[in-house]
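These notes concern the structure reproduced below.
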Amino acid sequence: GAVVSQHPSWVICKSGTSVKIECRSLDFQATTMFWYRQFPKQSLMLMATSNEGSKATYEQGVEKDKFLINHASLTLSTLTVTSAHPEDSSFYICSARSLLQGHQETQYFGPGTRLLVL
Amino acid sequence: GQQVMQIPQYQHVQEGEDFTTYCNSSTTLSNIQWYKQRPGGHPVFLIQLVKSGEVKKQKRLTFQFGEAKKNSSLHITATQTTDVGTYFCAGGAGSYQLTFGKGTKLSVIP
């Protein structure tokens, strides 16, 4: 149980285009989803916290107008990288917090999306 | 803000040797979680520790949470090649957000 999927797993795009990444909790409901970015050989960096039905909370230094987050339902959150540039190339990972009793604050991670901006 | 330091950054061991990674927080934690990330993969949840002084074991892995709830360790006994990957600790401090350490990359030499 507690499976999180991400789509797409790989995306290559031209500079200036927008890219949408989907994060779904497949077998549980998650009121909160998190978006992380991971550069090569570095740790996960939290970008934003997404709550169902409300605006996302962004971490300091993350541009909310560039990284648009929508959490339309208890099982789906999307991250749109607008006007992507080569420095946005990274590994984007979402996680979802389970509401199931006993899971407490456990986060379940999606498989990640590798973005390459040319 | 809360900071989580993890050492060492890299560790190379001979297969069969033990391995330990340490995690220290600048603030008292409500819980600490450990994740393993295989090369090219995503973090996979290993365990969560909540109680002061807690020790949990998963086969060859032993997890400890310090008495002050500010540090933690992961110890692997008799490493195997399947243990290769980066081990991250992540500290929770009352909210549901986690602060990740930078991870310890483990290489196992057959």
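The values are calculated or read from the model by the stated rules, or taken from the named source; none is laboratory data. In this text the structure is predicted, and so the values were computed from the model without any measurement. Reconstructed Cβ throughout: ideal geometry from the backbone, glycine too, with neighbour counts over all protein chains shown. Heavy atoms of the whole protein, side chains included, go into the accessibility calculation; ligands, DNA and RNA do not. Shrake-Rupley method; radii C 1.70, N 1.55, O 1.52, S 1.80 Å.
Quick one: which strands (runs of 3 or more DSSP E) lie wholly within segment B:1-93 and hold at least 2 residues that are open to solvent by less than 60 Å² (accessible area, probe 1.4 Å) and among the aromatic types (Phe, Trp, Tyr)?
On the way: elements: B:4-7, B:10-14, B:19-25, B:31-37, B:44-49, B:55-58, B:61-65, B:71-76, B:85-92.
By residue number, B:31-37, B:61-65, B:85-92.
Would it be correct to say that B:Thr86 is farther than 20 Å from A:Phe34 by Cα, β-branched (Val, Ile, Thr) and within 14 Å of another protein chain (Cβ to nearest Cβ)?
yes
What tally of residues in segment A:7-37 results from selecting those that are in a strand (DSSP E or B) and open to solvent by 20 Å² or more (accessible area, probe 1.4 Å)?
Residues that pass the stated criteria total 8.
With respect to the numbered conditions (1) touching a strand residue (DSSP E or B) at 6+ places or on another chain (Cβ under 6 Å); (2) modelled with pLDDT of 95 or more, which one is the sole condition not fulfilled by B:Gly92?
Looking at each condition in turn, B:Gly92 falls short on (2).
Against the definition (under 24 Å from B:Val44 (Cα atoms), within 14 Å of another protein chain (Cβ to nearest Cβ), open to solvent by 30 Å² or more (accessible area, probe 1.4 Å) and assigned to a strand (DSSP E or B)), how does A:Tyr108 come out, yes or no?
Details: under 24 Å from B:Val44 (Cα atoms): yes; within 14 Å of another protein chain (Cβ to nearest Cβ): yes; open to solvent by 30 Å² or more (accessible area, probe 1.4 Å): yes; assigned to a strand (DSSP E or B): yes.
Answer is yes for this residue.
For the structure I just gave you, tell me whether B:Gln9 is at pLDDT 90 or above and within 11 Å of another protein chain (Cβ to nearest Cβ).
Taking the combined requirement at face value, the residue satisfies it.
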